[in-house]
Amino acid sequence: RAVQQLQDSESAVTCICFGQERLHKQYILLAAASKDGTVVIYRCYRTQKELAMMEVAFAGGSEDEPSPSEQRDQIVVHSRLVGHSRAITSIFFNLLEDQLVTTSIDKSVRFWQVDTGEMLKVFTDSSPVPVAAFLPFNPQVFVAANSNAVLRLVNVQNGLVLQKLKVETEVRALKFDDTGAFLLAGTKNGSIHVLENSEGLKFKFKVHLARGGVTCITFVPARPEQNMPASLLVNTSDSSVTIIDCTYEAPQGILTNLTVRNRVKVAHSLLPLKCCFSPSGGGYLISGSEDREVYIYNLHTYKVQHLKHHVVPVVAVAVNQQDTLLASADSVGRIVLWRRLDFSHLAEQ
């Protein structure tokens with residue numbers, strides 16, 4: 001059910017992500033980045049039902065002021081991050097979630113203070129930066145891809161480039177697996193490169209996936225209770241999302257193969273569409289699309305549902321950790337928040 005619509009400008013939203021979900025009892029954050037280079041961080045207040053579901057313990061000690069009842073279901077601007085001059089290509093929180101990292105066509109990677117909106121650091125590149133990610137074992141180092149097909153490992157503290165790695169073509173999506181030992185890099189010609197992360201990045205193997213370029217990789221951890229291996233959900237601009245199983249070799253846990261489990265249709269030929277994973281039930285793939293709908297595929301039956309509300313292409317989607325809130329964002333700057341009506345699956349966990 002669509003519960004709320006936000007719009008800060010008419011510039012297309014390019015990426016969204018939730019953060020600080022274990023820091024405050026009353027609210028979570030939603031960061032939204034745009035084609036015009038701005039980022040707005042929103043505060044999304046939890047509903048009574050969400051508060052009731054939560055664990056008592058909180059990382060931040062939950063010393064928040066009790067939010068007034070009229071703020072339930074309310075969204076307020078938490079901070080604005082102003083500094084990029086061109087489209088933002090990816091955003092992610094740091095480990096402590098007190099900083100947000102953004103990459104842009106303006107050839108920079110920027111670090112921001114989440115609460116104040118202050119720009120903390122700027123790392124410049126020689127060409128546009130489609131995507132970056134922190135190294136899981138070392139949050140003082142990030143990997144950034146540029147449009148010259150170079151991956152760079154950069155020290156956050158001093159800006160030193162620790163490694164440069166040339167790949168065959170521009171990398172547009174990066175995702176570490178949950179072991180942190182392997183980096184998956186999706187390219188504009190539809191391949192996934194698997195890189196080993198130990199004392200630098202080393203190329204392991206690649207899989208050619210599709211005719212269209214990769215625009216998003218979502219990693220889904222293994223779920224042994226459902227007999228599901230670790231997998232990837234990959235958007236490509238040939239109107240498909242591919243579900244790929246990851247094969248690890250015991251006992252060292254080395255990623256040795258990527259196998260296509262299924263491909264599903266999503267209208268996609270032009271825009272940098274994103275997807276995400278919802279763990280409820282048997283698991284769902286959620287994706288934006290160019291035909292104005294949010295696609296939700298059941299990953300057991302592959303039956304599809306469509307959420308209709310947007311009137312232009314839906315570029316980015318994200319779900320919160322509680323799996324009660326879905327955000328979808330479109331090419332004229334609108335963000336729609338959807339709340340789950342049925343919470344029965346949460347009681348079973």
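The values are calculated or read from the model by the stated rules, or taken from the named source; none is laboratory data. Owing to the predicted nature of the structure, the values given are computational and were not obtained by experimental measurement. No Cβ is skipped: glycine too gets one built from the backbone with ideal geometry, and neighbour counts run over all protein chains shown. Accessible surface is based on the protein model in full, side chains and every heavy atom, while ligands, DNA and RNA are left aside. Shrake-Rupley method; radii C 1.70, N 1.55, O 1.52, S 1.80 Å.
Say we look at the stretch 206-223 and pick out the residues that are open to solvent by 40 Å² or more (accessible area, probe 1.4 Å) and in a strand (DSSP E or B); which of these is nearest to GLY288 (Cα to Cα)? Selected residue: HIS208.
The condition (being free of Cβ contacts under 8 Å to residues at least 60 places away in the same chain, open to solvent by less than 30 Å² (accessible area, probe 1.4 Å) and closer than 23 Å to ILE91 by Cβ) is satisfied by just one residue among GLY200, GLY186: GLY186. Tally the residues that are open to solvent by 70 Å² or more (accessible area, probe 1.4 Å) and without any contact (Cβ under 8 Å) to a residue 40 or more places away in the chain, restricting the search to the stretch 85-105. Matching residues across the stretch 85-105 total 1. Starting from residues that are in a strand (DSSP E or B) and either without any contact (Cβ under 8 Å) to a residue 12 or more places away in the chain or of a type in the set (S, T, N, Q) (or both), keep the ones in the stretch 303-329 and report whichever is surrounded by the most Cβ atoms within 10 Å (Cβ to Cβ). Restricting to residues being in a strand (DSSP E or B) and either without any contact (Cβ under 8 Å) to a residue 12 or more places away in the chain or of a type in the set (S, T, N, Q) (or both), the top hit is SER328. Just one of the numbered conditions (1) touching a Lys or Arg at 6+ places or on another chain (Cβ under 8 Å); (2) in a strand (DSSP E or B); (3) open to solvent by less than 30 Å² (accessible area, probe 1.4 Å) is not true of CYS276: (1).
Could you list, in sequence order, the residues of the stretch 136-146 that are out of contact with any strand residue (DSSP E or B) (no Cβ under 6 Å at 6 or more places or on another chain) and open to solvent by less than 40 Å² (accessible area, probe 1.4 Å)? Selection gives ASN146 alone. Evaluating GLN305 against the criteria (1) under 30 Å from SER11 (Cβ atoms); (2) out of contact with any strand residue (DSSP E or B) (no Cβ under 6 Å at 6 or more places or on another chain) leaves one unmet condition, (2). Just so you know, in the stretch 260-271 the residues that are open to solvent by 60 Å² or more (accessible area, probe 1.4 Å) and in contact with a strand residue (DSSP E or B) (Cβ under 8 Å, 6 or more places away or on another chain) include one that is nearest to LYS206 (Cα to Cα), and it is VAL260.
Scanning the stretch 106-135 for residues that are closer than 20 Å to ASN148 by Cα, polar (S, T, N, Q) and assigned to a loop (DSSP other than H, G, I, E, B), we see that the one that is least open to solvent (accessible area, probe 1.4 Å) is SER127. Tell me whether the stretch 159-182 contains one or more residues that are surrounded by 16 or more Cβ atoms within 10 Å (Cβ to Cβ), in contact with an Asp or Glu (Cβ under 9 Å, 6 or more places away or on another chain) and in a strand (DSSP E or B). Yes, the stretch 159-182 contains at least one residue that is surrounded by 16 or more Cβ atoms within 10 Å (Cβ to Cβ), in contact with an Asp or Glu (Cβ under 9 Å, 6 or more places away or on another chain) and in a strand (DSSP E or B).
The residue list ALA87, ALA132, ALA144 contains one member that is farther than 20 Å from LEU183 by Cβ, small (Gly, Ala, Ser), modelled with pLDDT of 95 or more and in contact with a Ser or Thr (Cβ under 8 Å, 6 or more places away or on another chain), which is ALA87.
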